[in-house]
Amino acid sequence: MKQIFTLLSSLILSISAFAQNSGRLSITALNSGSMVVVVDNRSYQFNNSRDILLNEIPAGNHQVKIVKQIRGNWRRNITIYETNLFIRRGMHVDILVNRFGKVFIDEELIGYQYDDNQNDNWNNQNNNQNNDPLSQAMAPSSFEQLKQIVSNERYDNTRATIAKQAISVNMFSAQQAKELISLFTYENNKLDIAKTMYARTIDKNNYMIVYDVFTYSSTKEDLARFIQQYR
């Protein structure tokens with residue numbers, strides 16, 4: 001009995017140690033074509049939601065390749081992205097492939113869980129707020145890359161899809177929110193993104209500058225009501 005208990009304890013400790021030294025990888029494809037993701041020579045097919053989620057990947061370097069499958073008289077595969085991806089311990093790395101085959105990569109701590117109902121609720125496994133990466137706005141270089149990716153899309157709705165994916169895993173300043181929202185053409189999309197970004201803005205007291213991007217007073221009033229109810 002003691003031997004069984006010892007074995008179980010060892011097993012639990014091994015599993016715990018593996019989890020603490022692993023990360024997570026997700027791939028989202030906005031491209032409607034057939035694609036396959038190959039991670040360390042193992043292939044994964046996209047599901048109906050165009051998402052692939054790989055949990056508990058050992059921290060370290062991993063070979064990642066995204067292949068587009070062309071079907072016709074001659075079936076062939078085209079590698080649209082290939083890299084030696086380093087996954088840090090305890091980090092969730094997300095890869096987004098837009099409809100033109102361009103790739104955007106971001107990461108966040110697995111220990112943080114965002115409430116989809118737009119509430120500022122995070123489960124912080126590190127109680128030291130001074131080291132909280134979610135208290136910092138997206139790095140300027142990464143933000144410029146995001147704006148470029150969004151701008152390259154022709155349709156407003158596609159821009160919104162890409163923007164929301166990035167918003168869900170990053171924090172922003174009010175100025176960054178204003179700049180991103182201004183990339184949209186239609187007023188309803190601007191309002192939708194403004195509401196989404198509010199929960200992810202580190203300086204909400206400055207969010208008033210976002211109102212300048214709207215054309216109609218009714219839209220500004222709608223956002224103001226949203227912010228008042230949010231609080």
Selection status of D203, touching a helix residue (DSSP H, G or I) at 6+ places or on another chain (Cβ under 9 Å), more than 20 Å from A160 (Cα to Cα) and not basic (K, R):
yes
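Okay, residues lined up against (1) open to solvent by 70 Å² or more (accessible area, probe 1.4 Å); (2) of a type in the set (D, E, K, R):
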| position | (1), (2) |
| --- | --- |
| N157 | yes, no |
| S168 | no, no |
| I181 | no, no |
| E187 | no, yes |
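Select from region 189-214 the residues that are of a type in the set (S, T, N, Q) and farther than 23 Å from N152 by Cα and write down the one among them that is least open to solvent (accessible area, probe 1.4 Å).
Residues of region 189-214 of a type in the set (S, T, N, Q): 189, 196, 201, 205-206.
Among the residues that remain, those that are also farther than 23 Å from N152 by Cα are: 201, 205-206.
Values: T201: 2, N205: 110, N206: 66 Å².
Looking at the filtered set, the residue picked out is T201.
For region 141-153, give me the residue count where each residue is buried (at least 18 other Cβ atoms within 10 Å of the Cβ) and either in contact (Cβ under 8 Å) with a residue 40 or more places away in the chain or touching a Gly at 6+ places or on another chain (Cβ under 9 Å) (or both). First the steps, then the outcome.
We begin by selecting, within region 141-153, every residue buried (at least 18 other Cβ atoms within 10 Å of the Cβ); these are 143, 146, 149-150, 153.
With either in contact (Cβ under 8 Å) with a residue 40 or more places away in the chain or touching a Gly at 6+ places or on another chain (Cβ under 9 Å) (or both) added as a condition, the list becomes 146, 149, 153.
Residues in region 141-153 being buried (at least 18 other Cβ atoms within 10 Å of the Cβ) and either in contact (Cβ under 8 Å) with a residue 40 or more places away in the chain or touching a Gly at 6+ places or on another chain (Cβ under 9 Å) (or both): 3 in total.
The values are calculated or read from the model by the stated rules, or taken from the named source; none is laboratory data. For clarity, every value in this text was computed on a predicted model and none was experimentally measured. In this analysis, Cβ positions are derived from the backbone assuming ideal geometry, glycine residues included, and neighbour counts consider all displayed protein chains. Just the protein is used for accessible areas: all its heavy atoms, side chains included, with ligands, DNA and RNA removed. Shrake-Rupley method; radii C 1.70, N 1.55, O 1.52, S 1.80 Å.
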